[in-house]
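One structure below.
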Amino acid sequence: MYSQDAEIYRELRLKSLKENPEAFLTTYEIEKDKPIEQLRRNLIASHNRFTLGAFINSGLIGIVTFVRESNPKTVHKGNIYAMYVQPEFRGNGAGKSLVQELISKAKQCDGLEQINLTVISNNNAAKRLYESFGFVTYGTERNALKSGYQYWDENSMVLRLN
């Protein structure tokens, strides 16, 4: 995605936060007030950070972001964030295409050894998708996220690249 996609990205990002608030660290209330210029800057791709979009008939239906760690002791790792595909397009390969392209691009990062992500423990469809690429669960954090009186557990997953 490019900085000029900020408006359509925001629209889908806000939709994702309304539909699946348990799946993301941030909230609709926080994201809706972010300046569009901040989103434009965040969508400027670099070798170590990029956001991909899945489009059908010129409409944005899915998004995912890759961010490589910047600390010298963790620079061998990257992370998947903000993965989302609109419900009506799930199961048709859009999510698979996003993850496949992310892994392909991430592998071009010199010295990158692993890609990490977290996923809500009961999101079996997402876990199956990640497992199909070789991600394995290495831990579960109980009560990782909380909203009001509701808690969600998260699985930590990793894909080793070497």
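The values are calculated or read from the model by the stated rules, or taken from the named source; none is laboratory data. The structure presented is a predicted model; accordingly, all values stated were derived computationally and were not measured. Ligands, DNA and RNA are excluded from the accessible area calculation, which covers all protein heavy atoms including side chains. Shrake-Rupley method; radii C 1.70, N 1.55, O 1.52, S 1.80 Å.
The table below lists the values:
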{"read-out": "The stretch 9-58 and the stretch 93-134: distance between their alpha carbon centers, rounded to Å", "value": "18 Å"}
{"read-out": "Distant-in-sequence amide H partners of residue 79 (H built 1.01 Å from N, under 5 Å)", "value": "67, 68, 69, 116"}
{"read-out": "DSSP beta bridges in the chain [antiparallel fraction, %, rounded to 5]", "value": "90 percent"}
{"read-out": "Rounded percent of accessible protein surface that carbon and sulfur make up, the chain, 1.4 Å probe", "value": "47 percent"}
{"read-out": "Of [x] 15.7; [y] 16.4; [z] 18.1, the label for Kirkwood radius over Cα pairs in Å derived from the coordinates", "value": "[y]"}
{"read-out": "Accessible area of the chain divided out per residue, in Å², using a probe of 1.4 angstrom", "value": "58 Å²"}
